[in-house]
Amino acid sequence: MIIEWDERFSLHHALLDAQHQELFKLANAAQRLDPNNANKAELGRLFKEFYDYMAKHFKEEEAYMQSIDYPLLEKHKKFHESIIEGMTKILKEKKGVVELQKSIQMIAKKWLAEHILENDLQIEKWRKSITVTDEDLQGSLS
Ligand SMILES: [Fe+2]
């Protein structure tokens, strides 16, 4: 199942949104390989790229959470840790092409899409709650 990034996933943060888009792209590229003709090395390379990009992205997302004093930072880091652990396990299992594609599909759905909707969007909620808008300013001046 291919999931494309759309506005529902937006954190209104240019860098993090671009990274999420790239992660969807990598997961989808791996899923689109025809399992009958797919070269195992090619799939392995895509998975490794997906894994490395996920790890790099988590670091940047954590830095962002820290920069806005996000109160659930530690809890959120734990989610990231367990995703990386799960991906490391899959990486070590040396699965066949079909199995590996299935795992990538699961990661894209649960650890990417659902994680963004359930956890990352909470960061955006927090950011909004601490951002002073023009309207707030006008209210306080009148
Ligand atoms: Fe996250």
Review point. Compactness ratio of the range 22-126: Cα Rg over 2.2 N^0.38 Å, N = residue count?
Key: 1.14
**Study point:** Length gained when the stretch W126-K75 is fully extended (0.36 nm per residue, less Cα-Cα span)
**Key:** 16.9 nm
Exercise for review: Just tell me the longest site-free run in the chain, where the sites are GluC sites (Glu not before Pro) in a DSSP loop having at most 16 other beta-carbon atoms within 10 Å.
Suggested key: 5-92
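Tell me which trypsin sites (Lys or Arg not before Pro) from the range 90-126 have a DSSP coil assignment and no more than 16 other beta carbons within 10 Å of their own.
Numbers: sites: K92, K94, K95, K102, K109, K110, K125; in loops: K94, K95.
Answer in residue order: K94.
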Check your understanding: From the phi of every residue in the range 10-18, what ³J(HN,Hα) in whole Hz does the Karplus formula 6.51 cos²θ - 1.76 cosθ + 1.60 yield, where θ is phi - 60° and glycine or proline is x?
Key -> 6, 9, 6, 9, 4, 5, 5, 5, 5
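By how many nm would the segment from A14 to S67 lengthen if fully extended, with 0.36 nm per residue of separation less the alpha-carbon distance? List each step's numbers first, then the result.
Values: separation 53, 0.36 × 53 = 19.08 nm, distance 1.53 nm.
Roughly 17.6 nm would be gained on extension.
At a threshold of 8 angstrom on Cα-Cα distance, excluding pairs fewer than six apart, so keeping six or more, what relative contact order does the chain reach in percent?
36 percent
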Check your understanding: When we measure straight from the Cα of K95, which lysines land under 17 angstrom away, once same-chain ones fewer than 8 places off are left out?
Key -> K40, K48
Check your understanding: Relative to the longest principal Cα axis of the chain, at what angle does helix 40-67 sit, 0 to 90 degrees, rounded to 10?
Key -> 20 degrees
Review point. How far, in degrees from 0 to 90, does helix 97-106 lean away from the longest principal axis of the Cα atoms of the chain, to the nearest 10?
Key: 10 degrees
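To the nearest 0.05, how large is the calculated FRET efficiency for A55 and M1 if R₀ is 30 Å and r is the Cβ-Cβ distance? Provide the component values of the computation, followed by the final result.
Values: r = 24 Å, r/R0 = 0.79.
E(calc), rounded to 0.05, equals 0.80.
Find out how many positive minus negative residues lie around L73, taking Lys and Arg as positive, Asp and Glu as negative, among other residues whose Cβ is under 12 Å from that of L73.
Numbers: positive: K75, K77, K78; negative: E61, E62, D69, E74.
That sum, taken over residues with Cβ under 12 Å, equals -1.
Under a Cβ-only charge scheme (Lys and Arg +1, Asp and Glu -1), can you give me the dipole magnitude of the chain about the Cα centre, in debye to the nearest 20?
Result for the chain is approximately 860 debye, rounded to the nearest 20.
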Revision key, fill the gap. Which of K102/K128; K59/K109; K92/K125 exceed 30 Å between C-alpha atoms? The answer is K102/K128; K92/K125
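Values in this text are rule-based calculations from the coordinates and carry no lab data. Bear in mind that the values here come from a model prediction, so they are computed numbers and not experimental data. As a convention, Cβ positions derive from the backbone with ideal geometry for all residues, glycine included, and neighbour counts pool all protein chains shown.
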